[in-house]
Amino acid sequence: MKKSRSEIIQQIIMSLVITLVGICCLFPIYLVFINSFASESSILKNGYMIMPNEFSLQAYKSIFYKGSAIMKSYGITIFITVAGTFIATVITYMCGYTLANERLKYRNAFALFFFITTVFNTGLVPWYM
C-alpha cells in the first residue's frame, strides 16, 4: 500500500521528534561519562564540556584504589544483598515445605501468620508507633 504525502511527512516529523527526545535523554549521561575523564581543575575552571580540555584518570584512581571507602561500600552492599537473598530463600523454602504438609497441627494458624505479615509489611509497625 502506497503512503500519501501527508503520511510520509508525519512519519518524518515523528521520527525527528523521537530522535530529539532520545538525544535530550542521553546527553546528560554522555556529559557525565565524558567529564569523568576530565581533571577536577578543568571542570572547576571551565565547567562541564562536550570534550574536556585535560584528560585525567584521577577520579577512577580515587574510587578503585585498594582500601577505598566506595569499594568497601560496594562490597558490603553486595554481601548484604547476597546473604539476605539466600537467607530469605531458605526461610521461605522451609515455611513453604512446612505449610504444604496437610497433617501439621496448627497449619491454618501458621498460614494466617505468614499471610498477615505478607499483607501488612513491617513498614507499618514503625509508622504506627
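For this structure, a couple of remarks:
- The modelled label-to-label distance for the pair T19/M94, using points 7 Å beyond Cα in the direction of Cβ, is 6.0 nm.
- GNM on the chain, alpha-carbon springs under 10 angstrom: the most fluctuating residue among F115, F64, F79 is F115.
- Part-to-part distance (alpha-carbon centres) for the stretch 1-79 and the stretch 83-109, which is given in Å: 46
- Each Lys and Arg Cβ is given +1 and each Asp and Glu Cβ -1; about its Cα centre, the chain then shows a dipole of about 300 debye.
- Nearest-0.05 FRET efficiency for N46 and E7, computed from C-beta distance (R0 35 Å): 0.15
- Max mean-square fluctuation residue, GNM over the chain, Cα-Cα springs under 10 Å, options N35, N46, N108: N108
- For A38, distant residues with modelled amide H under 5 Å away: S56
- Using only Cα coordinates, the Kirkwood hydrodynamic radius of the chain works out to 21.8 Å.
- The stretch 1-118 - accessible surface per residue (Å², probe 1.4 Å): 89
- Result for the chain in a Gaussian network model with C-alpha springs under 10 Å: among I87, I70, I18, the largest mean-square fluctuation is at I18.
- Dividing the summed -39500 (n - 2.57) terms of all DSSP H runs of n ≥ 4 by the residue count of the chain sets its mean residue ellipticity at 222 nm at -24500 deg cm²/dmol.
The values are calculated or read from the model by the stated rules, or taken from the named source; none is laboratory data. Keep in mind it's a predicted model, so treat the numbers as computed, not measured. Virtual Cβ from ideal backbone geometry, glycine too; neighbours counted across all protein chains shown. Note: accessible area is taken over every heavy atom of the protein model, side chains too, but ligands, DNA and RNA are not part of it. Shrake-Rupley method; radii C 1.70, N 1.55, O 1.52, S 1.80 Å.
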